[in-house]
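Data block below; observations after.
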Amino acid sequence: MRARAIMVLGTGSHVGKSLLTAALCRIFAQHGYRVAPFKSQNMSLNSAATVEGLEIGRAQALQAEAAGVAASVHMNPILIKPSGDHSSQVVVRGKIWGRVTAADYHRRRIEELLPVVRESYDLLASQYDVMILEGAGSPAEINLKQHDIANMRMAEMADASCLLVGDIDRGGVFASLLGTLELLEPDEQRRIRGFAINKFRGDTSLLEPGIRMMEERVKKPCLGVVPYLNSLMLEEEDSLGLPVSAQTQWTGERIADQWTDRALRVAVIALPSFSNFTDFDSLRAEPSVSLLFCRTAEAIAHADVVILPGSKQTVDDLLWMRGSGLEVAIKRHAQTGLVAGICGGMQMLGKTISDPSGMEHEGSVAGLGLLPIGTVMHTEKVTRNASGQIEVEVLFGHPVTDSRLAGYEIHIGHTDYEAGAKHFSTLSPENDPSSNSRDGCVSADTRVFGTYLHGIFDDDCFRHQFLSAARGFHKLSTPTKMNPWKQLREDSLNRLAREVESSLDMKAIFKWVGLSYEVPLTEDVSPQRRSAGAMR
């Protein structure tokens, strides 16, 4: 039997589609149904590794986590990773398919890839009771609508009942909802069963006149108003949610430098092609950390730790740092402070980066020279979940007391090590634990390290040790409290589901897929603890 489908559409980007999809996945799972997320086409530089060792959008990995199932490449068969203003790398079922211009993709390539989308969806729909689909951007982009496979065309393919979501926090929510509906064809309008308002702050009674007028105008019900949820430990879908600081808030805090209990100041370089910025959510949430995303040399002047993150265009971003003065500032910081590099950031910390195949940038350039390594870009991408052990005994001048770590790799390029270079860790892929490989590098003075491992800070063991070592190096006190990140994420997913379930007309939404709705249990329960009955 084929799963019945619900699709979450939005009036634009960053209206909350991804988290509402995750919430519905958690809600249906908590009610005992086998549920899976699906997004046919996602444009994002945030990605994750699946159990198959393939690449999908980070949002779909979160939604799978909410549903209590393993993330599969079929949940996001097409991932578009922008390479600049005019071209993108296209990843199809987790592997690099090619690089295309926006015009070529929309005019010719989409039709070529449509059978792949259909096949992936049908495969998942045959295995689950309910599919929760997420749209992309807006379904009313009339300039692109003819070849859009992420919104109404996908809704028709899945025979999905659609919920249209507007973001009141951005203003103009009624106009955006009405305008979106007005630009759809009559048969598409009929597929949208109702609308919802997201990210509301204040007194909902003030919305009621507008909601009543809207319902009368579009002849569709408002399914509810979802409040603005602060402090959710869940990743943003795209960089619209990234708080980039051009002027550092630390300048006025210099007077507190003598205080040993002050926050550790961590500067993450906000590269133009910044990828997987979700790597730092767990650090940002730590009470003993003040983390800023920075783009100027002045902004990192008072940092304790500087981190170079992953990049979709490693050489281009390295040249941008060189031109903006950041390279000089980072080298100056490395003389007295601490530096870390994740994936492309590690490659930048080495002596050279060569790209003979022109995967990102043709030619060879000098790196920052802070690590004794050199990288050659290859055409094949490494994608895997991995865990292992830290190889060095000392980090930032402090003993490594627990060597465990875990995360995932998504990178092109092979890194070579000079004689005597210290490897950071030994890793084993999740699907082949008997296979070991060396990863990363640590400088001779142990104050600079790099690793290919994304998600390394999400690992509680490593993050706590990293913070203790960094604070100890700067003669700051040991944190009195450090977060249990994995538990906080689980709590956040349950809180998200609880708030959405109490805000939306779930009886109507369950009825869309032919299911009866029962009042939820008072206790938050993860999907793994519920029976996965094949109820229809």
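With the contact rule set at Cα under 8 Å and sequence spacing of 6 or more, what percent relative contact order holds for segment 417-460?
32
Taking 8 Å as the Cα distance limit and 6 or more residues as the minimum spacing, I'd like the relative contact order of segment 281-386 as a percentage.
Worked out over segment 281-386, it gives 23 percent.
So for the chain, taking the charge dipole from beta-carbon charges (+1 Lys/Arg, -1 Asp/Glu), which of Leu207, Leu62, Gly98 sits furthest toward the positive end?
Farthest along the dipole direction, towards plus: Leu207.
So with the 1.4 Å probe, I'd like the accessible area per residue for the chain, rounded to whole Å².
On the way: 21690 Å² over 536 residues.
With all protein chains present, the chain gives 40 Å² per residue.
May I ask for the net charge around Ser138, where only other residues with Cβ less than 11 Å from the Cβ of Ser138 are counted and Lys, Arg are +1 while Asp, Glu are -1?
Overall, the nearby charge balance is 0.
What would the Debye formula give as log10 I(q)/I(0) at q = 0.22 Å⁻¹ for the alpha-carbon point model of segment 1-68, no solvent?
Cα-only, vacuum Debye calculation for segment 1-68: -1.02.
Quick check on the chain: helices-only [θ] at 222 nm, where DSSP H runs of length 4 and up contribute -39,500 (n - 2.57) each and the sum goes over total residues. Nearest 500, please.
-8000 deg cm²/dmol
When the Karplus curve 6.51 cos²θ - 1.76 cosθ + 1.60 is applied with θ = phi - 60°, which whole-Hz ³J(HN,Hα) does each residue of segment 91-97 get, with x for Gly and Pro?
These are the phi-based 3J(HN,Hα) values: 10, 10, 6, x, 10, 4, 9 Hz.
Provide, in order from the shortest bin, the percent of all Cα-Cα pairs of segment 259-369 in each 5 Å bin, continuing until the bin that contains the maximum pair distance.
2, 12, 23, 25, 18, 10, 6, 2, 1, 0, 0
When we measure straight from the Cα of Lys17, which lysines land under 16 angstrom away, once same-chain ones fewer than 8 places off are left out?
Lys39, Lys199
What does the charge dipole of the chain about its Cα centre add up to, to the nearest 20 debye, if the Cβ of each Lys and Arg holds +1 and the Cβ of each Asp and Glu holds -1?
520
Which three extents, in angstrom, do the Cα atoms of segment 1-135 have along their principal axes, listed largest first?
Cα extents, longest axis first: 44, 30, 26 Å.
Specify the angular offset, from 0 to 90 degrees and rounded to the nearest 10, of the alpha carbon long axis of helix 485-503 from the longest principal axis of the alpha carbons in the chain.
20
Using only alpha-carbon positions, what ratio does the radius of gyration of segment 326-429 give when scaled by 2.2 N^0.38 Å?
1.15
With an 8 Å Cα cut-off and a minimum separation of 6 or more residues, compute the relative contact order for the chain in percent.
16
Leaving out ligands, DNA and RNA, what percent of the accessible area of the chain is carbon and sulfur, probe 1.4 Å?
50
The values are calculated or read from the model by the stated rules, or taken from the named source; none is laboratory data. All values reported here derive from a predicted model rather than from experimental measurement. Because the Cβ atoms are built from the backbone with ideal geometry, glycine has one as well, and the counts that use them run over all protein chains shown. In case anyone asks, the SASA skips ligands and DNA or RNA and just uses the protein heavy atoms, side chains included. Shrake-Rupley method; radii C 1.70, N 1.55, O 1.52, S 1.80 Å.
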